[in-house]
Amino acid sequence: MKRKILLMGKSGTGKTSMRSLIFSSYRSEDTQRLGSTIEVEHSHVRFPGNLVLNLWDCGGQKSYMESYMNSQRSQVFSAVAALIYVVDVVSTDEEAGDGREWETDLRYFRDCVSALQSHSPDAEVFCLLHKMDLIEPSRRQSIYRSRVADLRRKTREVLQEHASSPQARDMIHLQCFATSIWDATLYKAWSSIVHAIVPDVERFDEHLEQLGELCSAAEVILFEKATFLVMSHYSCLTDEAPAGTHAPDVHMVQAQSTQDSEEALLDGLSKSMLPNTSDTPPAPAGLLASDRFERVSELVKQFKIRCLESQYQVKALELRTPTFLAYMDTLTSSTYILIVVLDPRIPRAGRLAPLWGALVRAPSVRHAHFDSNAFVQRLEKAGITRQQADVLVTALSDVINESAENIARGLVRRDEAERLNYTQKVDFAKLKSEIQLLERSDFVLMKSENERLMADVEKLKQRLREEIARTTAGVRLDLNLEKGRIRDESSVHALKIKEVDTRIESEIAGVRTSIQSAKFNVLQYLVGVATGAGALLLAYLRMFR
C-alpha cells in the first residue's frame with residue numbers, strides 16, 4: 001500500500017535538509033551542502049504494515065509553485081494522503097525580515113489546501129514552522145501562536161470557498177509543529193506525521209502493551225529501523241505533559257468556527273523551545289519529559305551514523321544504570337524495539353538482555369537450510385537406517401552450508417552496503433554542492449561579465465552621445481557663423497543697392513532739373529521768337545499801311 005506525501009514550501013525553507021536528515025541518515029551539518037531542489041524529487045520509504053511512503057519533495061521556486069497550481073495541478077494534488085507545508089519563520093518574521101514574505105507563504109499555503117480540497121479532500125495537512133531555533137526565545141511563543149492562527153484562518157477560508165462543492169468536507173485536519181534540525185523537535189513532528197498516516201497503528205499499541213506487561217517493563221518503544229521515527233509506544237509512567245490528552249477535535253479546523261482555542265494555537269510548540277525563566281515552576285519529581293522518545297530517536301540515529309562511519313553495525317544496545325535498564329534490539333526487518341525496566345531487582349549480570357533478544361527477534365533460528373528432521377524421516381521410510389540418514393543429512397547440510405558460505409563471501413554485507421550507500425550519498429551531496437557552487441560561480445562570472453559589457457556599452461553610448469552633441473554643436477556654430485556672414489553680406493549688398501538707388505534717384509532728379517531748365521529755356525526762346533515775330537509783324541503792318 002502506497003501513501004503519497006507532498007513536501008511543499010518556498011525555496012530555502014529547509015525541506016530537502018529535513019528529508020535528508022530523517023530519511024537519508026544525514027547529519028545536521030551535512031545538510032548545509034545540499035542545494036536547491038529542481039522540480040520534484042521522488043523517494044520511497046518502507047514502513048511496517050506493508051506501507052510505502054511516496055514522498056514528493058517539491059521545489060519551492062516561484063516558477064515551480066505557479067506550475068504546481070496551474071499546469072500540473074491535477075498530477076501533483078491527486079491521491080494525496082498528507083500535505084506537509086514548511087515555513088521559514090526567520091524570513092517571514094516582520095522584525096528580522098520582510099513581512100510580505102509571510103503573506104506570500106499564506107497565499108501559497110491557501111492555494112495548496114484549496115487544490116487538496118478539489119483533488120484529495122481526505123488528505124491531512126501538517127505545517128512545520130521551521131528554523132524556530134533562530135528566533136529569540138522570548139518571542140517564539142507569540143510568533144508561533146500568530147502564525148498558527150493565520151494558517152487556521154486561511155484553512156477556514158478554503159472550507160468556506162468550497163462549501164458548495166459536492167465532495168467538500170466541513171472540516172480539515174491541520175496540525176502545526178515548531179521544528180529545527182538541531183534538536184529533537186523535527187523527530188517529534190515527523191513521528192506524529194507517520195503515526196497519523198500508518199494504518200491500524202492501534203494494533204501496535206496493544207501488542208506493545210502486552211509485551212511490556214510480559215517483560216515487566218515501564219516503557220516499550222517501537223522505532224522504524226531506517227529513520228528511527230517513533231511508530232508506537234507503551235508507558236506506565238507519567239509525563240510532564242502527557243501526549244494524547246488533547247480534545248479529539250483540537251487539530252480539526254471547521255468552516256463555521258470563528259475562534260481557536262489556546263490549546264489549538266500552542267499545540268506543537270515543544271517546551272524545549274521556550275525560555276527558562278525564574279517564574280516557571282519546576283516540574284514535579286517523577287515526571288518525565290514528553291519528548292524523551294524523540295530525543296532517544298535523535299541520539300540513537302546519531303550513534304548509528306557514527307558507527308557506520310567507523311565501519312560498525314548497530315545490532316543491539318544495552319544501557320544500565322542504578323535505577324533502570326534499557327535494552328534495544330531488532331524486532332523485525334524494518335523495526336527496532338526499546339524496552340525500559342525500572343525494577344530495582346534487575347540482576348547486574350545482564351541475564352535479561354539475551355531473554356529479551358530472543359523474545360523480540362524471530363523465533364527459533366534454523367541451522368539448516370531445509371527441514372532436516374523431515375528429510376531423515378523420509379530417508380528412513382525409503383529403507384535407510386537412522387544412523388545412515390543422519391550421516392547423509394549432516395553431509396548434505398555441510399555441503400549446503402559451505403556452498404552458502406562460498407556464495408556469501410562474494411556478497412557485500414549489509415552494514416558495508418549501508419556505509420557505502422551513506423558515503424556515496426555524502427559524496428554525491430558534495431559533488432552536487434560543488435557543481436552548484438561552480439554553476440553559481442559561472443553564473444556570477446557571467447553576470448559580472450555581462451555587467452562589465454553593459455557598462456562598456458553604456459560608456460560607448462555616452463561617448464557617442466557626447467560626440468554627436470559635439471558635432472551637432474560644431475555644425476550649429478558653423479551654420480550660425482555662415483548665417484551671420486551671409487547676413488552681413490546681405491546688409492552690405494542692401495546698403496550698396498540703397499546707395500545705387502539714392503545715386504540713381506539723385507541722377508534722375510538732376511536730369512529732371514536739366515529737362516525742366518531746358519524746357520524753360522526753350523519756352524523763353526519760343527516766347528522771345530514769338531514776341532520778336534509779332535513785333536516784326538506789327539512793325540511790318542504799320543509800315544505798309
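Find how many whole Å separate the alpha carbon centroid of the range 429-458 from the alpha carbon centroid of the range 109-181. One Cα centre to the other: 38 Å.
Placing dummy labels 7 Å off each Cα toward the beta-carbon, the span from D150 to Q72 is 2.6 nm. With semi-axes defined as the square roots of five times the eigenvalues of the C-alpha gyration tensor, the equivalent ellipsoid of the chain measures 107, 32, 23 Å, largest first. Once the chain from I384 to E206 is taken as fully extended at 0.36 nm per residue, the excess over their C-alpha distance is 59.0 nm.
Once the chain from K483 to S261 is taken as fully extended at 0.36 nm per residue, the excess over their C-alpha distance is 70.9 nm. PRE reach from A539 (point 7 Å along Cα→Cβ): which of the range 497-528 fall under 19 Å by backbone N? In the range 497-528, the label zone of A539 (backbone N under 19 Å from the point 7 Å along Cα→Cβ) covers 525-528. Once Rh is set to the Kirkwood radius over Cα pairs, what Stokes-Einstein translational diffusion coefficient, in µm²/s, holds for the range 45-196 at a temperature of 37 °C and a viscosity of 0.692 mPa s? Reported coefficient: 199 µm²/s. Taking the C-alpha atoms only, the angle from helix 185-197 to the longest principal axis of the chain is near 70 degrees. The order of M8, M65, going from fewest to most other C-beta atoms within 10 Å of their C-beta, is M65, M8. Placing pseudo-labels 7 Å out from each Cα toward the beta carbon at S28 and N401 gives an inter-label distance of 4.8 nm.
Among F324, F109, F544, F520, the ranking by other beta carbons within 10 Å of each residue's beta carbon, starting with the fewest, stands as F544, F520, F324, F109. Distance between the 7 Å Cα→Cβ label points at E499 and S138: 10.1 nm. Our estimate of slack between E507 and Q160, defined as 0.36 nm per intervening residue step minus the Cα-Cα distance, is 113.8 nm.
What is the calculated FRET efficiency for S491 to I468, with r their C-beta to C-beta distance and R₀ = 25 Å, to the nearest 0.05? E(calc), rounded to 0.05, equals 0.15. When L541, L21, L274 are sorted by how many other C-beta atoms sit within 10 angstrom of their C-beta, beginning with the fewest, the order is L541, L274, L21. Rounded to whole Å, the principal axis extents of the Cα atoms in the range 130-200 read 44, 33, 12, largest first.
For the chain, a crude dipole built from +1 on the beta carbon of Lys and Arg and -1 on the beta carbon of Asp and Glu, taken about the Cα centre, is about 2740 debye to the nearest 20.
A short reminder: the numbers here are calculations on the coordinates, not readings from a lab. A quick note: this is a predicted structure, and the numbers were derived from the prediction, not measured. Cβ sites come from the backbone with ideal geometry, for glycine too, and all protein chains shown count toward neighbours.
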